[in-house]
Amino acid sequence: AAPRAEAPPSRPSWRFLPALVPVLAAATLFVLVRPGASSQEQEARDPWSANGTGGTPGILEPTRSKGLQPRLDVHRQAATRTERLTDGAPAQAGDVVQLSYTAAGHAHGVILSVDGRGTVTPHLPDPGDTSAPLERSGTHLLPRAYELDDAPGFERFFLITADAPFELDGVMAAARVLATSPEARTAPLTLPPGLGQTSFLLEKPSP
């Protein structure tokens, strides 16, 4: 298990769970071959479906329209199934979550999280000093799942996108400032020009 980026040695950490991804991919393929359902019905029933179009593991759905906006989704593993969470959903320590992104045409990006302890954790790229190349179309799983630690209050994920590569220094600095702010649950990151952002909040028990 990899330690959390800025966590003191004594605190519980994110656990990276690479073995979870093949399980989720297999579940996706099972949904794809189920007959007799429309693409809308499949998506409503199982967020891991690829709209009945076929596809490869790690690709959840194709681009739907030219007006699609970048999107970050969080899925939780529950026993033998997965559920796509809504923004602001309750969560707790020990929940295993999988992130996915929709770049909507943007070529480069970063995914990070801030929590109720003021900790900033990079999720994509990991490690790296510059933004990661993104798949411009479709919705794509990150290669690892994560077990939430016991940071209180909330866990908030950010997807930062751009059309060209960018350095992470400014993004990480903005995340550290926000993480220690009273508005960390709701305020946007103060980013360098040319970068877009979207976020996803999980509410966790407060102390």
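In this structure, ALA78 and ASP129 have a Cβ-Cβ separation that, at R0 = 25 Å, corresponds to a calculated FRET efficiency of about 0.10. Here the calculated FRET efficiency for THR186 and VAL96, from their Cβ-Cβ distance with R0 = 35 Å, stands at 0.85, rounded to the nearest 0.05. Taken per residue, the accessible surface of segment 71-204 reaches 40 Å², heavy atoms only and a 1.4 Å probe. The listed peptides 180-187, 122-129, 70-77, 110-117, ordered by packing as a protection proxy, come out as 110-117, 70-77, 122-129, 180-187 (highest mean of other Cβ atoms within 10 Å first). Over segment 71-204, the pair-distance histogram of Cα-Cα distances with 5 Å bins from zero comes to 2, 11, 22, 24, 21, 14, 5, 1, 0 percent, rounded to whole numbers. Heavy-atom surface analysis with a 1.4 Å probe gives segment 71-204 a carbon and sulfur content of 51 percent of its accessible area.
Entry note, segment 71-204: relative contact order of 32 percent, from Cα contacts under 8 Å with a spacing of 6+ residues.
The values are calculated or read from the model by the stated rules, or taken from the named source; none is laboratory data. Because the structure is a prediction, the values reported are computed rather than measured. Because the Cβ atoms are built from the backbone with ideal geometry, glycine has one as well, and the counts that use them run over all protein chains shown. Just so you know, the surface numbers come from the protein's heavy atoms only, side chains and all, with ligands and any DNA or RNA stripped out. Shrake-Rupley method; radii C 1.70, N 1.55, O 1.52, S 1.80 Å.
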